[in-house]
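Laboratory data are not the source of any read-out in this text; all were calculated from the coordinates shown. Since we're looking at a predicted model, the values are computed, not measured. In this analysis, Cβ positions are derived from the backbone assuming ideal geometry, glycine residues included, and neighbour counts consider all displayed protein chains.
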């Protein structure tokens, strides 16, 4: 399995009742390293109502078939061997929006 930063993968980390989409944030060195099993990502949810201030809206250009948001206020860690079903990659424009939102949230 070849993992790339900004790809959208499905997995079920601890605390989740079912599989969920996640945007991979970890750097390519970690994603490629066979002994580094934990990676970081942001959870994606179907949009219900208006997006929250800390969300970035994703759409068909990112592979989703309906309104979806990427929550940027919490970074999850999960085992990369639990990842399955790659949806595609976050578009360049949304990558920039997520980076900006993470800088705002984490006060970089």
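Pick from 66, 15, 41 the residue whose mean-square fluctuation is largest in a GNM of the chain, springs joining Cα atoms under 10 Å.
Maximum fluctuation in the GNM of the chain, among the listed residues, is at 15.
Between the helical axis of 92-106 and the dominant principal axis of the chain, each derived from Cα atoms, what acute angle in degrees is found, rounded to the nearest 10?
With both axes taken from Cα atoms, the answer is about 90 degrees.
With a/c under 1.5 counting as rounded, go ahead and sort segment 7-106 into rounded, prolate or oblate using the C-alpha gyration tensor (a ≥ b ≥ c being the square roots of the eigenvalues; past the cut-off, prolate if a/b is larger than b/c, else oblate).
Because a/c hits 1.5 or more and a/b exceeds b/c, segment 7-106 counts as prolate.
Take the Cβ-Cβ distance between residue 103 and residue 17 as r, set R0 to 35 Å, and report the resulting FRET efficiency rounded to the nearest 0.05.
According to the calculation, E is roughly 0.65.
Using helices alone, I'd like the mean residue ellipticity at 222 nm for the chain: each DSSP H run of four-plus residues gives -39500 (n - 2.57), total over residue count, nearest 500.
Computed ellipticity for the chain at 222 nm equals -5500 deg cm²/dmol.
What spacing in nm lies between the two simple spin-label points modelled at residue 10 and residue 84, each 7 Å away from Cα in the Cβ direction?
The two pseudo-label positions are separated by 0.8 nm.
Test of understanding: what is the full-extension gain from residue 95 to residue 53, defined as 0.36 nm times their sequence separation minus their Cα-Cα distance?
Computed gain between residue 95 and residue 53 is 13.5 nm.
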